[in-house]
Amino acid sequence: MRRGLSKLMLVLTVLAVVAAGCGGTSSDTTEGTTVGTTAATTTTAGSVATTTTTESMEPVTVNWWHIENNDPGLSLWQQAADDYMAEHPNVTISINVQENEAFKTALQTNLQAGDVPDIFQSWGGGVLREQVDAGLVQDITSLAQECIDQLEPGALTMMQVDGKLYGFPWDLGIVGFWYNKTLFAQAGIEAPPTTWTELLDDVQKLEDAGITPIALGAGDKWPAMFWYAELALRIGGAEVMQQAAINHNFDDPAFLKAGEMLQDLIAMDPFQKGFLAAGWDGPDGQAAAIANSEAAFHLMGHWAPGTQSANGPDLAATGELGWFPFPAVEGGAGDPMDAFGGGNGYAVGKDAPPEAVDFLCYLTSVPVARELAATGSRLPVTIGAEDAITDPNLAAVITARGEAPYVQLYLDQAYPPSVGAAVNDSIQALFAGTGTPQDVVDAVDQAWANE
């Protein structure tokens, strides 16, 4: 599986680097400029040993911004910081926890002011390259040498730019459908769909049974983008997706066709009430709608079960939750085993002390990674942690991840930030009925032209 992952991620990251390499260096791409509500805390000591000895004994504070704002991740990361500080009493890990969208806004404000956190959430790709070009992140290639061999080589490329390492990956997965087995059964659906036509048929069966088919948090935009990107990949295939990054446009017919097929789904009115304003997280969000059985299925990454259980009943624990990959599109050029996804990582800020890298070595060590895997909320990339994953759905995700001949990185991360924003904005408009498939193509082409 590790050999397959290395190949997969090399393909993924080559695309991200090619796409980002021709972009500009403007960082003014995140919506809004005000800092979102945060829960800044300074942790206290616990116990356990760490991995490297790069730090001095002088008092030092490491500012860590992350988005694991729900359990189990929230508590696990807190405990990791506590344990690290117990072994390193001169180090204080100051944690700033934020929800995904609030984090993006707050981080952009800080980066524009040159106030860069020592460690902060990153998805790699075009965004990381722009941060490198702007001198906001630190080349940690040498500092990390003591521990990077504990990570999957392919996953490391996610946090590399031009062969240099700027952070640590800690999680990698692909997007697929999470569904409520009970609601599928009530609608007479005996097995998950394997083609797009079957998926539309199942949507109709659910509607006929009085069940809301799909949960969507279109207010956050990126969950809606997942649908378009998956269709474009199935219709056009890997070559078309790669060529779009090289040509800097969406002019291939596959992108227009993806929008048209998505319109067919939207016309069926399959989403929960208020989906255009709903976010991913929170009591009225996409995850909550699934957790509370208010909708039958949704398209989301491997973190879905954890966020769902934080917003309602734990369907995975009861065996009611299932997973299946995005289905094939009849006549499409894409390999049905190709995937769409990415991972989570932590970038290291330009002025971060060596202790920041040492802490990341600990955070991605085998003991911590195995605890993370056991939560069933993430798929760590630490060698030796794989067998700690016991959830059958996540095991299916790992299998699909390892077998995928190609993985397309999230479009809003693979491309320069301004292009990624154009992708998300135009696709949200398509879902709202205020935009057309051609508008998506035009908006993305224009954003690339402005780079």
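The values are calculated or read from the model by the stated rules, or taken from the named source; none is laboratory data. In this text the structure is predicted, and so the values were computed from the model without any measurement. Note: ideal-geometry Cβ built from the backbone for every residue, glycine included; neighbour counts use all protein chains shown.
If the requirement is being in a strand (DSSP E or B), at pLDDT 95 or above and more than 18 Å from the chain's Cα centre (by Cα), which of these qualifies: Asn63, Asn110?
Numbers: Asn110 fails: in a strand (DSSP E or B).
None of the others qualify; the one that does is Asn63.
Which one is surrounded by the fewest Cβ atoms within 10 Å (Cβ to Cβ), of the residues in the stretch 154-194 that are modelled with pLDDT under 95 and among the polar types (S, T, N, Q)?
Within the stretch 154-194, the match that is surrounded by the fewest Cβ atoms within 10 Å (Cβ to Cβ) is Gln160.
Are any of the residues in the stretch 312-334 within 22 Å of His66 (Cα to Cα) and surrounded by fewer than 24 Cβ atoms within 10 Å (Cβ to Cβ)?
Narrowing the stretch 312-334 to residues within 22 Å of His66 (Cα to Cα): none.
No, every residue in the stretch 312-334 fails to be within 22 Å of His66 (Cα to Cα) and surrounded by fewer than 24 Cβ atoms within 10 Å (Cβ to Cβ).
Of Ala347, Ala373, which residue is modelled with pLDDT of 95 or more and surrounded by 22 or more Cβ atoms within 10 Å (Cβ to Cβ)?
Numbers: Ala373 fails: modelled with pLDDT of 95 or more.
One residue alone meets the criteria, Ala347.
Could you tell me how many of the residues in the stretch 111-135 are surrounded by fewer than 21 Cβ atoms within 10 Å (Cβ to Cβ) and touching a residue at least 40 places away in the same chain (Cβ under 8 Å)?
Residues meeting the conditions: 5.
For Gly420, state whether it is at positive phi and either in contact with a Lys or Arg (Cβ under 6 Å, 6 or more places away or on another chain) or of a type outside the set (D, E, K, R) (or both). First the steps, then the outcome.
Values: at positive phi: no; either in contact with a Lys or Arg (Cβ under 6 Å, 6 or more places away or on another chain) or of a type outside the set (D, E, K, R) (or both): yes.
It is false that Gly420 is at positive phi and either in contact with a Lys or Arg (Cβ under 6 Å, 6 or more places away or on another chain) or of a type outside the set (D, E, K, R) (or both).
Which residue out of Gly217, Gly274 is touching an Asp or Glu at 6+ places or on another chain (Cβ under 9 Å) and surrounded by 17 or more Cβ atoms within 10 Å (Cβ to Cβ)?
Working: Gly274 fails: surrounded by 17 or more Cβ atoms within 10 Å (Cβ to Cβ).
None of the other options fit; the residue is Gly217.
What is the number of the single condition among (1) more than 22 Å from the chain's Cα centre (by Cα); (2) farther than 17 Å from Ala429 by Cα; (3) modelled with pLDDT of 95 or more that Met268 does not meet?
If we test Met268 against (1) more than 22 Å from the chain's Cα centre (by Cα); (2) farther than 17 Å from Ala429 by Cα; (3) modelled with pLDDT of 95 or more, just (2) comes out false.
Checking the conditions here, which among Thr37, Thr41, Thr33 is modelled with pLDDT under 95, β-branched (Val, Ile, Thr) and assigned to a strand (DSSP E or B)?
Details: Thr37 fails: assigned to a strand (DSSP E or B); Thr33 fails: assigned to a strand (DSSP E or B).
Only one candidate passes the filter, namely Thr41.
Which of (1) touching a Ser or Thr at 6+ places or on another chain (Cβ under 8 Å); (2) at positive phi does Gly384 not meet, given it meets every other one?
Evaluating Gly384 over (1) touching a Ser or Thr at 6+ places or on another chain (Cβ under 8 Å); (2) at positive phi leaves (1) as the failure.
Would you say Val357 is closer than 23 Å to Gly342 by Cβ and modelled with pLDDT of 95 or more?
So Val357 passes the test.
Do you know which residues across the stretch 339-364 are over 21 Å from the mean Cα position of the chain (by Cα) and outside any helix (DSSP H, G or I)?
Once the filter is applied, which keeps residues that are over 21 Å from the mean Cα position of the chain (by Cα) and outside any helix (DSSP H, G or I), the stretch 339-364 yields Lys350, Asp351, Ala352, Pro353.
Assess whether Gly282 counts as being modelled with pLDDT of 95 or more and either of a type outside the set (Ser, Thr, Tyr) or farther than 19 Å from Asn100 by Cα (or both).
Details: modelled with pLDDT of 95 or more: no; either of a type outside the set (Ser, Thr, Tyr) or farther than 19 Å from Asn100 by Cα (or both): yes.
No; evaluated as a whole, the condition is false for this residue.
Okay, residues lined up against (1) in a helix (DSSP H, G or I); (2) touching a residue at least 60 places away in the same chain (Cβ under 8 Å); (3) more than 27 Å from the chain's Cα centre (by Cα):
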residue	(1), (2), (3)
Ile140	no, yes, no
Ala144	yes, yes, no
Asp171	no, yes, no
Trp178	no, yes, no
Glu207	yes, yes, yes
Gly210	no, no, yes
